[in-house]
Amino acid sequence: GTELLTAAREQWDAFAEASANPFATHAWLTAWARARARRPVLCAALCDAGGDLLSGALLQDLRWGLASAADVHSGEWGTVAAGAHERRRLWREICAMGTRRVALEALREGAPDAEIARAALQAAGYGVLTPLRGLTRSPYVPLPASFDELLASRSRHLASQWRRKRRKLERAGAARVRLITGGSTLERDLDAFMAVEASGWKGRNRTAILAERGAEQLYRDFAREAAERGWLRLLLLELDGQVLAGDLGCVLGGVGFLLKTGFDERRADLSPGIVLRGEALREAVQEGLRGYDMLGGPDRYKLEWTDDVRPRHGLRAYTGPAGRAAALAWHAGVRPVGGRAIAYLREHPQMRRAGASARARIRPH
């Protein structure tokens, strides 16, 4: 259960904020456990003699072993810890539980858990399979001191397009961007955001928040607690009082995160998605954030604003000789061949164009 997580919420969240990972907070993990967990969750925590938290993790206790408390909605998974030493101790204790299999998702490349978990599992005799790296490459915008500086760092086309689209929207009526961090209108504002997020291709493909099992409860519960903690950043772009586009996001550890976004395709002529993307980054710069993680995949509308990405990948570990043999075969043959195939698909100009064309058809800009 999540009782221990809740009891240690203040220290847990302090560690999550230090690692700038909103998906490791009490708000996200408890909401996810209520709305999305397939099986019971297990809270592993290392405490000192006085009962203060040193490190912790939320895992799923599945029939075949342990898995990270994460799914497609979790942009990143990881442990929380006072430091690297405490994180290594926690992983040694998790390995000592003797589970047959460990499956971790959404490990950010370069984050402490990616290497510490692998090393601890190998030291405990597990065969570790690190899947093809970077299958999820989330665009990340390092933020300068001013929004004008950010625009100047991108193409002239993007800067002129954004300004032109913004002026066009303003000529169409009373346009404004509202930033909601909490307050008495939060539930009504969440209703408006979820409605516009489900109004286009996400609604048709049944990937919108309102269309997925447990997703509405997950995001509502997280937004409520995030508002209490001062992390919530809900942006609504309105024209004459009508919501044309919205971002559901948060801020933690000096970094902004885009959890979900959507726009009204009936007003695509006004390009509300393009306008809101610039306004969201302007807000982040004005807040003094050091970066803005757009999460998800490298969609075209995100890569217009940055050349940087944050790769995230998974990890599988199996006990016994069979697991070690599988790991040896994976790293000696299957993974390198697969890696070359992925690299070819990414780097070959014709393949890149085909991929971009397919994404454009699936996700209209």
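Here the relative contact order of region 115-246, from alpha carbon pairs under 8 Å that lie six or more residues apart, stands at 26 percent.
Largest first and in whole Å, the equivalent-ellipsoid semi-axes of region 78-206 read 44, 21, 17, each the square root of five times a Cα gyration tensor eigenvalue. Backbone geometry of region 302-315 corresponds, through the Karplus equation with coefficients 6.51, -1.76 and 1.60 at θ = phi - 60°, to 3J(HN,Hα) couplings of 7, 5, 5, 9, 7, 10, 8, 9, 10, x, 10, 9, x, 8 Hz, x marking Gly and Pro. Across all Cα atoms of region 1-158, the radius of gyration (one decimal) and Dmax (whole number) stand at 17.5, 60 Å. Relative to its residue count, region 161-224 spans a Cα convex hull of 117 Å³ per residue. Based on the Kirkwood radius over alpha-carbon pairs, what is the Stokes-Einstein translational diffusion coefficient of region 5-98 at 4 °C with 1.567 mPa s viscosity, in µm²/s? Value of D from the Cα-based Kirkwood radius: 97 µm²/s. Ligands, DNA and RNA left out, the accessible area of the chain computed with a 1.4 Å probe is 51% carbon and sulfur. With springs only between Cα atoms under 10 Å, which of ALA33, ALA106, ALA84 fluctuates most in a Gaussian network model of the chain? So, out of ALA33, ALA106, ALA84, the one fluctuating most is ALA84. For the chain, lysine pairs with C-alpha atoms less than 18 angstrom apart, excluding pairs fewer than eight positions apart on the same chain, total 4. Remark: relative contact order (the chain) = 23 percent; criterion is Cα-Cα distance under 8 angstrom and separation of 6 or more residues. Once the 1.4 Å probe is applied to the protein heavy atoms, the chain comes out at 45 Å² accessible per residue. For n ≥ 4 DSSP H runs only, could you compute -39500 (n - 2.57) per run for the chain, divide by its residues and tell me the 222 nm figure to the nearest 500? Calculated at 222 nm, the ellipticity per residue is -13500 deg cm²/dmol. Note the listed values (1) 19.3, 61; (2) 21.5, 69; (3) 22.4, 66, then indicate which one is Rg and Dmax of the Cα atoms in Å calculated from this particular structure. The value computed from this structure is option (2).
The values are calculated or read from the model by the stated rules, or taken from the named source; none is laboratory data. Here the structure is a predicted model, which means the values were calculated and not measured. With ligands, DNA and RNA removed, areas are computed over all heavy atoms of the protein, side chains included. Shrake-Rupley method; radii C 1.70, N 1.55, O 1.52, S 1.80 Å.
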